[in-house]
Amino acid sequence: MGSENGQSSAIDTSRPSAARMYDWLLGGELNFEADREACEKLLAIAPSSRDLALNNRWFLERVVRFLARECGIRQFIDHGSGLPTRPNVHQVAQDVHRDARVTYIDIDPVVIAHGRTSLDVNDGTRFIEANMTDTDRIVEEASRGGFIDFGRPVAALYVSVIHCLKDDEDPAAMIRRMRDHLAPGSYLVICQLVSDDERVRDEVTGLMNRDTGGRWGRVREKHDVRRYFDGLSVLDPYLVDVTDWRPDSDLRRPQQTHEWLEFGGVARVR
């Protein structure tokens, strides 16, 4: 479900964060009682939330491996990276290309603390504390010292994080700004939470904004996500439930209910 947007601040363990809730749904331990209680409320509204989180993480692994192995991508920018969860993006990419470089972007104070501690040992990673909508700053800091070369193909990842943005933050404009910085042959990976059920959209959006103090966006509809891909060349199988994006195993646990899903795909920058 990604990390919430907004300004970095001292860690408040009494208020849930989207990043720590996602960690709990994935079976992680970097969460607090408030996060677990919020997840229980979320599961009451959308019982498939744990399956959805796991399938979304597997999608991230698949797509990074595909881009590295099949498309030759060696540079990645992971927006709203969330808490470290093995395998991380750099581990998947560097398993294919030892010289792969990954820039992680987040604003959540817990993510920042754990991310910097765990990533400092890898020369192929960089962590930037920034709002994911601050594209110019991200590009400037990612390219400092030639770490990310925007003259060569880059994969920009927006995986399960755009629903953390409010409408007035204009997610489509954010993606256009990043696209304008990317060289031909680059890729954008974009997905977010959607639902055809108005009740689920309203109740989950209300819950997440109440519990995070308004640091969340909303569950959207598929047509909202399609707008993000305007002007891009979308790869097969086009825009889908990410569980169905080039699955590599029948052993993954499918969602038992489908009141909401992660919807999106992968596009090439021409």
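In the stretch 113-142, what residues are hydroxyl-bearing (Ser, Thr, Tyr) and in contact with a strand residue (DSSP E or B) (Cβ under 6 Å, 6 or more places away or on another chain)? Answer for the stretch 113-142, where residues must be hydroxyl-bearing (Ser, Thr, Tyr) and in contact with a strand residue (DSSP E or B) (Cβ under 6 Å, 6 or more places away or on another chain): just Thr125. Restrict the check to the stretch 231-252 and report whether at least one residue is at pLDDT 95 or above, of a type in the set (Asp, Glu) and farther than 20 Å from Arg199 by Cα. Yes, the stretch 231-252 has at least one match. Within the stretch 257-270, residues that are surrounded by fewer than 23 Cβ atoms within 10 Å (Cβ to Cβ) and at pLDDT below 95 reach partners that are assigned to a strand (DSSP E or B) and polar (S, T, N, Q) with beta carbons closer than 6 Å, at six or more positions or on different chains, in the pairs Arg270/Ser233. Restricting the first member to the stretch 220-247 and to residues that are without any contact (Cβ under 8 Å) to a residue 24 or more places away in the chain, and the second to residues that are assigned to a helix (DSSP H, G or I), the beta-carbon pairs closer than 9 Å and six or more apart or on different chains are Asp241/Asn55. Once the stretch 1-35 is narrowed to residues that are of a type in the set (Asp, Glu) and in contact with a helix residue (DSSP H, G or I) (Cβ under 9 Å, 6 or more places away or on another chain), the residue that is modelled with the lowest pLDDT is Glu4.
The lone criterion from (1) over 11 Å from Phe263 (Cβ atoms); (2) modelled with pLDDT of 95 or more; (3) under 19 Å from the mean Cα position of the chain (by Cα) left unmet by Arg220 is number (1). I need the full set of residues from the stretch 54-65 which are within 20 Å of Leu261 (Cβ to Cβ) and crowded, with 21+ Cβ neighbours inside 10 Å, in order please. Those that are within 20 Å of Leu261 (Cβ to Cβ) and crowded, with 21+ Cβ neighbours inside 10 Å: Asn55, Asn56, Phe59, Leu60, Val63.
Residue by residue through the stretch 150-170, note down the ones that are within 19 Å of Arg268 (Cβ to Cβ) and of a type in the set (Lys, Arg). Result: Arg152, single match. Restricting the search to helices (runs of 4 or more DSSP H) fully inside the stretch 1-105 and requiring at least 2 residues that are touching a residue at least 12 places away in the same chain (Cβ under 8 Å) and over 25 Å from Asp244 (Cα atoms) gives 33-45.
With respect to Arg116, determine if the residue is within 16 Å of the chain's Cα centre (by Cα), basic (Lys, Arg), within 29 Å of Asp211 (Cα to Cα) and at pLDDT below 90. The answer is no for Arg116.
The values are calculated or read from the model by the stated rules, or taken from the named source; none is laboratory data. The structure presented is a predicted model; accordingly, all values stated were derived computationally and were not measured. Please note: Cβ atoms are built from the backbone with ideal geometry, for glycine as well, and neighbour counts cover all protein chains shown.
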